[in-house]
1. Going through the stretch 18-46 one residue at a time, which ones are more than 16 Å from VAL98 (Cα to Cα) and either buried (at least 16 other Cβ atoms within 10 Å of the Cβ) or at pLDDT 90 or above (or both)?
2. Restricting the search to the stretch 232-247, which residues are more than 14 Å from ASN105 (Cβ to Cβ) and either without any contact (Cβ under 8 Å) to a residue 60 or more places away in the chain or not in a helix (DSSP H, G or I) (or both)?
3. Take the residues of the stretch 100-132 that are over 55 Å from the mean Cα position of the chain (by Cα) and either at pLDDT 90 or above or within 20 Å of THR237 (Cα to Cα) (or both): which is surrounded by the fewest Cβ atoms within 10 Å (Cβ to Cβ)?
4. Just give me the residues in the stretch 43-64 being part of a strand (DSSP E or B), free of Cβ contacts under 8 Å to residues at least 40 places away in the same chain and polar (S, T, N, Q), in sequence order.
5. Any residue at all in the stretch 315-327 that is of a type in the set (Phe, Trp, Tyr), on the phi < 0 side of the Ramachandran plot, assigned to a helix (DSSP H, G or I) and surrounded by fewer than 13 Cβ atoms within 10 Å (Cβ to Cβ)?
6. In the set LEU268, LEU230, LEU254, which member is crowded, with 20+ Cβ neighbours inside 10 Å and modelled with pLDDT of 90 or more?
7. So is ALA9 at pLDDT below 90, under 26 Å from THR240 (Cβ atoms) and not assigned by TED's automatic domain parsing to the domain that holds LEU236 or not?
8. (1) buried (at least 19 other Cβ atoms within 10 Å of the Cβ); (2) part of a helix (DSSP H, G or I): which one isn't true of THR297, the others all being true?
Amino acid sequence: MMRSWLKYAFGICLLICAWQSYAQQIVYPINQHCNVHVLSISSAKTASQNKSPETGWENVKLPDVWDIRWKNYNGGVWYKIDWEWFCEREHSLNQPIVFALDYLNSAGAVYLNKDLLWASQHLQEPLSKSWNMPRYWILPVSGLKPGKNQILVYVNGYAFQNAGLGKITFNNVHENIKHHQKSLWKKRTLFEINAILSATLGILCLVIWLFIRRDNSFGWFALSCLLWLLFISQFLTTETYPYPTTLAAAQANLSFFILYILCFSVYLLRFADRRFPVLEESLFVFSIAVIVGIFFTPLDYAKIVLGTVFLSYASLLVVVYFYLAYLSYKTQKTELYLLIFCLTLIGLFACVDVVRLGNAETASLYQPLSPYTSPVITLFIALILGMRLKRNIQKIEKFNQDLEFRVFEVSEDLKRSMSEKHYLELENVRLQERIHLSHDLHDGLGASLVRSMILVDQNEDEMSNQQFLSMLKLLRDDLRQIIDSGSSIGSKVPENPKVWVAPVRHRFSQLMDEMDIHSRWDFPNEWLIEPNALQCLTLMRVLEESLTNVIKHSQAKNVAVSMQFMQPNQLLLKIQDDGVGFEANSVLEQGMSIGMRSMKMRLERVGGQLKLSSTPGYTLIQAILYFDEANSKMNESS
């Protein structure tokens, strides 16, 4: 009885041991009838990338981070995976087996039964990066042993990067494709989408900043997007180039992260209209010193230094977050509320990532959530731009309304001003016309009246009706000439100077002959420079006024009237007599003679000049007209 009980107990123990041995094996189904059993997974340190060691193997569980058992070990490690496949009795393996590797950190090679399947481009520094690239290999049935098979994986990496080997799977082709696509989505596609969205947002904000320089928050955001692109490029590249070593690449990547945190923090402060010049400058100077220190960090201290710096600058962003939360509570602005909501989501994702990165056991299974932040930021930026656009449109509409009202007011003021100006101009025109009329009456009709009065006074016999009628006709003609002088500008210029002076010469020669005054007239036969009608009329008024003064006041016996062209652009009219003379300075400067002042004003209006010189026995009046060079050349060519 006792022996029977012992037999049963021994059998139960054997069953338990067999079950535990089978439970330690990992089974991967290939199809409904065939499976792969992973018998054991072990690893060993090595100094050779070409040959696996004979001793030193330790059983491990994948995914594996060797820093957990071999602290601060940097170098090569071999992983040995013993496995076998089998099918049910009546079935056979009629499809290839796919061996998939989630990652290896950092560079390595894969062998099947000591035959090379694949190797990284660089197994020595600068090492290739395979931790961000899932891979698989199709193992044909003809290349497999009927019993036990072996896969060797060589890995070269660093402890500060949690070097090791990721999960492995055995599967059929179709199921492996599904699994591989999911792995690509997690490890690469998400980061590619993140990079595209970050680049798009960066370019958009850069363009906005280039057109709106006063809002430099967009410029800081564009710069932070560029630095973020440089930071996440490590998750996409499979080579360490252009950096000389893996450590240098990690140091540069952390430097990009530091600068990104600084620029993004400044952007957040500018978005909230806050500036801390001294603090910001101090942080940038301190960060430059930190970056320099990072590049001088030895390999043995890389893990603790890089991890501490990463967490410190992540904490800086947390401080900015709480400050903005305080501002949003204080100011109660919708834009700040949206910003806090966006940062809260980003912070939750970042906290999960930091926890995973800080734990070596979970770091190998790490699937970062940070790539999902780009869609959140994109939505946030779209909302902010929409709100700002709406606010700007409202400002523009209000400005247009105010501008329309101001334009209406200014238009009314302008109408009143124009009406007043028009009225003043009309009054000024009337006044000028009166002045011109008075001058014309004085110079034209006045001279004719004086001449007629002298004729009547000098005539000793009674004048016949015919003589009086002739005098009145002359006065009438002078009056008509004064009335028509307004249209004299468009009238025809006389053919030559002699034709021009003939009417004046005829009227005054008769009168001077009766007064026993000898006159001499010297005029050229042609116009060397042809004046316009207004200039001809002005010279005629000057001549009439000058001869009238000679007859009235000078008591002269000889009068000489001449015209000369002194220079290519000057015409000179001279009236000279041998009368009693007058004070020329008093006449011009003190305005003692209305006639002289009228002559001076007339000449100045047509660009001329009046010169007087007088002494007893000699008086000279000179009327000078100046012409431009174009007029002179035109007359010379004609």
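The values are calculated or read from the model by the stated rules, or taken from the named source; none is laboratory data. Worth saying up front: this structure is predicted, and the values here are computed from it rather than measured. Counting neighbours? That spans all protein chains shown, and the Cβs are built from the backbone with ideal geometry, glycine included.
1. LEU39, SER40, ILE41, SER42, SER43, ALA44, LYS45, THR46
2. Selection gives SER233, LEU236, THR237, GLU239, TYR241, PRO242, TYR243, PRO244, THR245.
3. ASP115
4. The first filter runs over the stretch 43-64 and keeps only residues part of a strand (DSSP E or B), leaving 43-46, 58-59, 64.
Checking which are free of Cβ contacts under 8 Å to residues at least 40 places away in the same chain leaves us with 44-45, 58-59.
The answer is ASN59, and nothing else.
5. Looking for residues that are of a type in the set (Phe, Trp, Tyr), on the phi < 0 side of the Ramachandran plot, assigned to a helix (DSSP H, G or I) and surrounded by fewer than 13 Cβ atoms within 10 Å (Cβ to Cβ), one finds at least one in the stretch 315-327, hence yes.
6. So the residue among LEU268, LEU230, LEU254 that is crowded, with 20+ Cβ neighbours inside 10 Å and modelled with pLDDT of 90 or more is LEU254.
7. On the way: at pLDDT below 90: yes; under 26 Å from THR240 (Cβ atoms): no; not assigned by TED's automatic domain parsing to the domain that holds LEU236: yes.
Criteria not met by ALA9.
8. Of the numbered conditions (1) buried (at least 19 other Cβ atoms within 10 Å of the Cβ); (2) part of a helix (DSSP H, G or I), the odd one out for THR297 is (2).
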